[in-house]
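Engineer: This structure is in structure tokens; I'll ask about it shortly.
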Amino acid sequence: MHDLHHAESRPHGRWPRYALWMSLLLITGMAALHLLHPGVAPVLAASKPQPGSSSRLFTSITIDYPQDASIFPPEITPPTFLWRDPATGAQSWRIDIEFADRTKALHLTTNGPGMEIGAIDPRCVSTANKLPTLTPEQAAAHTWKPDPATWSLIKQHSVTKPITIAWAGIDHEGREVSQGRVSLSTSKDPVAAPIFYRDVPLMPSEGANHVVQPLAPSKMTLINWRLRDLSKFESTIVMHDQHSCANCHSFSNDGKTLGLDVDGPGNDKGLYAIVPVRPQMTIRNEDIVRWNTDMQVGQSRVGFMSQLSPDGKYVLTTFAGPQQNISNSYFVTNFKDYRFLQVFYPTRGILTWLDRASGLRHPLPGADDPQYVQTDGVWSPDGKWIVFARAEAKDPHPPNSSQPVAANDPNEVQIQYSLYRVPFNEGRGGTPEPIAGASNNGMSNNFPKISPDGRWIVFVKNRNGQLMRPDSELYMVPFSTGTAAGGTARRMRCNTSLMNSWHSFSPNGRWLVFSSKSRTPYTQMFLTHIDEQGNDSPPILIDNATAANRAVNIPEFVNIPPDGIAAIDTPATELYRLIDEATDLETHDNHPAALIAWRRAVAMDPEDPRANNGLGLSLLANGSPRDAIPSFQKATSLHPTFAEAWYSLGSALLQEHRLDEAIDAWQHALVVRPAYYQAHEGLGFALYLAGKPSPALAHLRQALDGEPDRVPVLVLAASLMATSPEAALRNGPEAITLAERARELTESKDISVLDTLSAAYAEAGRFSEANATAQQALALAQSQSASASTAKLKAHLARYNAYQPLRDPPDEGTVE
């Protein structure tokens, strides 16, 4: 900020007339110079009287921080003032603090030490990122931080009227060579609430097949959750060393309830913790809501921007839609550039609301149209309205599209959201209305937040997608004008030069916290004051929020005392760690160690359905189906819609020759999930063994709809169609198609596949091909000394040579 300052010095009464003319000539000349060279801003300013002269020419000092007219909260700690002085002779600076309330001015001197990088967290240093460095402007800056007593005096006497802080550069002879000034004030409005936020490393990780992750799973424990009291010099870590990622959160307006997205075992994005807020908090497994009612990982719920209602009774969330999943409803791309390492926004989805009392989730009419993506839903303070972002639904990965290589790459799926509002109406919803000033303006309008008094909506505007985009800026629009939604939007004064997002209102509505990358790629928090007319002030940095090489995101004011949260324990995530550990051991075929881990998980929480199901699977892998059955039965009784547990129960029962019970278990799995192809396969085989070929074939067909290359299913279905005594089931041409696909998949090296194909040829009357294929199978059986198969294949050849299919006699089937 250039401060062109002019002051007069009249040491001996009135100036002579010629001096006045000379002064005017100098002013005119300097104005012309500034027009020709806007980067050079010398000024005519007051100085100590010098012999033979009544005025001197000074270079202007650029005050980088705080900006002119900045407003500070009354409880904030001393800031670090930054300025740049192009005067080559300046060796120190005099700082004059002038009070408008006639308090005696303060006169200080500083040598203006250079700006420094803050403390570094060595755990977050990586080849995937760079240590923070000073920009050229920052490297040229000088600093001054008031001591607590001086800062207290400044705040005390800047409430009713702004104060002026003036800098004067002093050369080695004690002469002034430069000047600059800035005004600031302290608000009468306290922030009166701490800020809850996440503190993360920026360490993208490239894994197998060049897949980039924002953070390697092994580094997940580096994420911290903090609470910041602005009257303190640093934050308190309240949650850390988490095995599972916890991300988007919201607090009820009264500060009594926290809702937090928590990733479950296997990176399950379908979990949400709802816990009471108190100094010592605990997130237990029973505090977890499972959006995916059938326990499918990532199928039913996107895990994006869930919001507690003001009274804490409901949760609003984005749901992929009945027939959608994460992969076809989200555009997600991770980059190796740590500065903007992820693009992440929904392209399909509807809003749903959870009634905590009933545990049921419902679509919200007016925000549930599958032609659109509806996301970012937030509640009005009275709970009567939902404001959300909407855009035309799109395929996040259209065919033949190119992958973007950086944030805001034109190859990103282009989507521009508009803000809408819809009445909640006790869950009945209504007609959506576009928010004037925040919709259909050629930009992407997203992430709305409503002021506690219900008068304003602050939202993000950027070119494409949403949230932490390089070009994101904050805008404010009235919640309504008369009966219409919205009004005239204006760009907020607090916007910085790079990325402005993740904002939250203080409970009293007078402050807004937001994130920005204007000073460093490692995101920081800023504040702005908002007055009764909705006018905001220049940004105020929240110092020392974390290490210089870590980033701040998702800041949210919480309506609690400064020490209202001291620690959050998470036994639920410890259970998830055990489950993931056991699963990893199973993946690496270390079944004995996995069994030990699963037993520990069940011991930690005997009522967890995932742990019981995992223990059952481990017992199966260790050859104990009888012992596995009770674990699967416990899992299905705890969670009757746990499709995988029903499927596993059917598998264990079949191994124990409990055929009717296995059929019943697989039927339960299909009631929960009709398109569960593995359950169709199991049920098809079980019904075949039970002597029910017609329903068996129907389920085998449905299994092939989902997994068309399952060789055992291809073989049994083809065999039924080639050899069944029931004429209605026989279909030679289709049997050939299936069996030929099985032959292709097994490269003509499977005896039963070749035998089935020969029977299909025979059923279709193609006996020469049946004979040739059976001969090939016979040769393979003889080479393997498979005497039973050899005998059966010779019998089949005899029938083909007699031009007879295998369906006569009915009890002679293909080789097992």
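Engineer: Considering every Cα-Cα pair within the range 127-257, what fraction, in whole percent, is farther apart than 20 Å?
Structural biologist: The share of Cα pairs beyond 20 Å in the range 127-257 comes to 70 percent.
Engineer: What shape does the range 480-573 take by its C-alpha gyration tensor, where a ≥ b ≥ c are the square roots of the eigenvalues and a/c under 1.5 counts as rounded, a/b above b/c as prolate, and the rest as oblate?
Structural biologist: oblate
Engineer: Helix 625-638 against the longest principal axis of the chain: what's the angle in degrees, Cα atoms only, rounded to the nearest 10?
Structural biologist: Approximately 50 degrees, to the nearest ten.
Engineer: Report the far tail of the P(r) of the range 401-524, meaning the percent of Cα-Cα pairs longer than 26 Å.
Structural biologist: Distances greater than 26 Å cover 25 percent of the Cα pairs.
Engineer: For the chain, take the longest principal axis of its alpha carbons; what is the angle in degrees between that and the long axis of helix 17-36, to the nearest 10 within 0 to 90?
Structural biologist: That works out to roughly 20 degrees.
Engineer: To continue, here is another question. I'd like to check one number: the per residue accessible area of the range 642-733, probe 1.4 Å, reported in Å² as a whole number.
Structural biologist: Per-residue value: 42 Å².
Engineer: Taking 0.36 nm per intervening residue step and subtracting the Cα-Cα distance, what contour gain separates ASN411 from ALA484 on full extension?
Structural biologist: Taking ASN411 through ALA484 to full extension adds about 22.6 nm, to one decimal.
Engineer: By what distance, in whole Å, do the Cα atoms of the range 611-715 stretch along each of the three principal axes, largest value first?
Structural biologist: Here the Cα extents, ordered largest to smallest, are 33, 24, 23 Å.
Engineer: Amide H neighbours of THR570 under 5 Å, counting only residues 5+ apart in sequence or on other chains, H built in-plane at 1.01 Å?
Structural biologist: When sequence neighbours closer than 5 places are left aside, the close amide H contacts are ILE283.
Engineer: Taking a cut-off of 27 Å between Cα atoms, list the lysines near LYS336, but don't count ones fewer than 8 places away on the same chain.
Structural biologist: Within reach: LYS130, LYS219, LYS269, LYS394, LYS461, LYS517.
Engineer: Please give the net charge around LEU780, taking every other residue with its beta carbon less than 14 angstrom from that of LEU780, where Lys and Arg add +1 and Asp and Glu add -1.
Structural biologist: Once all neighbours under 14 Å are counted, the net charge is +1.
Engineer: Okay, moving on. Order 551-560, 248-257, 211-220 from most to least packed using the mean count of other Cβ atoms within 10 Å.
Structural biologist: Final packing ranking: 551-560, 248-257, 211-220.
Engineer: Starting with the highest mean, order 467-477, 621-631 by the number of other Cβ atoms within 10 Å, averaged over the residues of each peptide.
Structural biologist: For the peptides 467-477, 621-631, the packing ranking is 467-477, 621-631.
Engineer: On the principal axes of its Cα set, how long, how wide and how thick is the range 502-642? Give whole Å, largest value first.
Structural biologist: 71, 32, 26
Engineer: Identify all lysines with a Cα-Cα distance to LYS161 below 23 Å; exclude those on the same chain that are fewer than 8 residues away in sequence.
Structural biologist: Of all the lysines, those that pass the test against LYS161 - Cα under 23 Å, at least 8 places apart if same chain - are LYS104, LYS145, LYS188.
Engineer: Another question about this same structure. Ignoring solvent entirely, what values of log10 I(q)/I(0) come out of the Debye formula for the chain at 0.06, 0.09, 0.11 Å⁻¹ when each Cα is a single scatterer?
Structural biologist: Values returned for q = 0.06, 0.09, 0.11 Å⁻¹ are -0.54, -0.96, -1.25.
Engineer: Around ASN613, under 11 Å between beta carbons, what's the net of Lys plus Arg minus Asp minus Glu among the other residues?
Structural biologist: The answer is 0.
Engineer: Using a/c under 1.5 as the rounded threshold, could you call the range 631-678 rounded, prolate or oblate? The axes a ≥ b ≥ c are square roots of the C-alpha gyration tensor eigenvalues, and prolate needs a/b larger than b/c, oblate otherwise.
Structural biologist: The shape class here is oblate.
Engineer: Kindly give the semi-axes, whole Å and largest first, of the ellipsoid equivalent to the range 212-280, taking each as the square root of 5 times a Cα gyration tensor eigenvalue.
Structural biologist: With the √(5λ) rule applied to the range 212-280, the semi-axes are 23, 18, 9 Å.
Engineer: Any idea what angle helix 711-723 forms with the longest principal axis of the chain, computed on alpha-carbon atoms, 0 to 90 degrees, nearest 10?
Structural biologist: That works out to roughly 30 degrees.
Engineer: Over the alpha-carbon set of the range 715-756, divide Rg by the Kirkwood Rh and report the Rg/Rh ratio to two decimals.
Structural biologist: Rg divided by Rh gives 1.00.
Engineer: Note the per residue figure in Å³ for the convex hull of the C-alpha positions in the range 693-792.
Structural biologist: Taking only Cα atoms, the range 693-792 has a hull volume of 89 Å³ per residue.
Engineer: When the helices in the chain are scored as -39500 (n - 2.57) per DSSP H run of 4 or longer and the sum is shared across all residues, what 222 nm value do you end up with, to the nearest 500 deg cm²/dmol?
Structural biologist: -8500 deg cm²/dmol
Engineer: So, one more: Around PRO521, under 12 Å between beta carbons, what's the net of Lys plus Arg minus Asp minus Glu among the other residues?
Structural biologist: +4
Engineer: Using amide H atoms built 1.01 Å from N in the peptide plane, name the residues 5+ places from ALA436, or on other chains, whose amide H lies under 5 Å from its own.
Structural biologist: ALA485, GLY486, GLY487
Engineer: Output the peptides 109-121, 364-376 sorted from most to least packed, where packing is the average of other Cβ atoms within 10 Å over each peptide's residues.
Structural biologist: 364-376, 109-121
Engineer: Right, next: Which of rounded, prolate or oblate describes the range 450-519 when judged by the alpha-carbon gyration tensor and an a/c cut-off of 1.5?
Structural biologist: Here the range 450-519 falls in the oblate category.
Engineer: Normalised by the empirical 2.2 N^0.38 Å for globular proteins, what value does the Cα Rg of the range 422-467 take?
Structural biologist: Cα Rg divided by the expected 2.2 N^0.38 Å: 1.31.
Engineer: Same structure again: Can you pull the percent of the chain's accessible area that's carbon plus sulfur, 1.4 Å probe, other chains left in place?
Structural biologist: Roughly 52 percent of what the probe reaches on the chain is carbon or sulfur.
The values are calculated or read from the model by the stated rules, or taken from the named source; none is laboratory data. Since the structure is predicted, the reported quantities are computational estimates derived from the model, not experimental observations. Cβ: placed from backbone, ideal geometry, glycine included. Neighbour counts: every protein chain shown. For the accessible areas, the whole protein counts, side chains as well, though only heavy atoms, and no ligand, DNA or RNA atoms are used. Shrake-Rupley method; radii C 1.70, N 1.55, O 1.52, S 1.80 Å.
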